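See below for the structure under consideration.
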Amino acid sequence: MVNRFSQSTLQRAILLLLFGGGHISPLHADDVVKPKLRIALTSLRERPLYTVVYFYDHDGVNSGTIVGQVALQPSRSDHHPALSRDGKQCVFAAEVVSKVSTILSWDVAAKKTIPLTELSKTPNAQMAPTLSGDGNLLAFEAWNRTGSPGRWDILLFDLKKKSFVDLPNLNTTRDDERKPAFSQDGRWIAYTTNADDGAGQSDVRLYDRNSASLFSLPKLNSPYTDTEPAISGDGRYIAFVSNRPRVGKTNAGTRDIYLYDRKDERLVSLPGLNSAGHEQSPSLTADGRHIAFVSERLDSAGERDIYIYDRQSSTLLPTPNLNSPMDEYDPCIIHIGTAGK
């Protein structure tokens, strides 16, 4: 049997097929294309005791506003939203007081809940949902699933067929697999594990549904805590959070956001993104250009705020009307068109 981490030659060939063998041009600041953006987010702005999911549209330049929200429910906190590629469907974790967290779906245009009856039959906690681009596949983390020895596992549910899909060779019997992130075609699932055979306290791993195996990520993980992956539409870029030491960082142990390029097998520089405070919860647009993330920097409106980083200009975009004096977190960012259209 081939070891799941010893397929480097084959995997490099796959990367060439996926991303091409030639040099990919860098992002240019003079490119005039300004994609419009939508962010689904969690906020305490209206109800300090219970979080609500909101939708925020941004023109890709310097203007934005809240355009909707999931309907308020008494004594229920909604969090960790994920959007389909067209922004019309949103899944999120919902937690009612004294009950376990479950996954719900929201029709953004119709402003109504879409029942997920099969998921409601699972008695234990479900969290951290993520959608394939077409909105047909839902991955999430589940506690103590049937046949599990009482750990966190990643489950995959087909929303069209209303049935679970197997993920051979992903979950383990003694470790936690958590925080899944889907590529748009539903092929790649990036996730976090605390497996003993990893590089650090937690590692980011990548699962290929086509081969039902793990894909190696050279130079991504560290002896520290690497977690909270986000993945671009084609699976080339993986953003993640790490508390590894950073050159020039004065606050040892703070969390920063890193970006990994699978084609070049290296970390990509993100000048101007990280601060002296904690950064966490990255979300990537399909093309990998924009990164939405949470920061606890000192000049924020609340303790935790959401920011948008544009890799093309290496700048943070102005985000009027996005943050409040309360906490905003759990961003999911997508492109919904081009400015002026």
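The values are calculated or read from the model by the stated rules, or taken from the named source; none is laboratory data. Remember, predicted model here, so these are calculated numbers, not experimental data. In this analysis, Cβ positions are derived from the backbone assuming ideal geometry, glycine residues included, and neighbour counts consider all displayed protein chains.
Screening the candidates Val33, Val91, Val53, Val61 for the property of being assigned to a loop (DSSP other than H, G, I, E, B) and at pLDDT 95 or above yields one hit, Val61.
Looking only at region 310-331, count every residue that is farther than 20 Å from Ala93 by Cβ and either in a strand (DSSP E or B) or not aliphatic (A, V, I, L, M) (or both) and tell me the total. Summing the residues that are farther than 20 Å from Ala93 by Cβ and either in a strand (DSSP E or B) or not aliphatic (A, V, I, L, M) (or both) in region 310-331 gives 15.
Suppose the filter is over 26 Å from His290 (Cα atoms), among the acidic types (Asp, Glu), in a loop (DSSP other than H, G, I, E, B) and touching a residue at least 24 places away in the same chain (Cβ under 8 Å); does Glu118 pass it?
no
If the Cβ limit is 8 Å and pairs must be 6+ apart or interchain, which residue in region 69-95 that is within 19 Å of Ser232 (Cα to Cα) pairs with which residue that is of a type in the set (Lys, Arg)? Listed by first residue and then by second, the contacts come to Leu83/Arg38; Gly87/Arg38. Between Ser269, Ser313, which is surrounded by fewer than 18 Cβ atoms within 10 Å (Cβ to Cβ) and without any contact (Cβ under 8 Å) to a residue 12 or more places away in the chain? Just one listed residue meets the conditions, Ser269. When we screen Ser314, Ser281 for residues that are closer than 22 Å to Thr192 by Cα and small (Gly, Ala, Ser), the only hit is Ser281. Scanning region 301-309 turns up one or more residues that are in contact with a His (Cβ under 9 Å, 6 or more places away or on another chain) and part of a loop (DSSP other than H, G, I, E, B).
Out of Asp175, Asp208, Asp203, Asp196, one residue alone is farther than 25 Å from Leu83 by Cβ and at pLDDT 95 or above. It is Asp203. Output the strands (runs of 3 or more DSSP E) that fall wholly within region 143-206 and possess 1 or more residues being among the hydroxyl-bearing types (Ser, Thr, Tyr) and buried (at least 21 other Cβ atoms within 10 Å of the Cβ), or say none. Per the criteria, 188-193.
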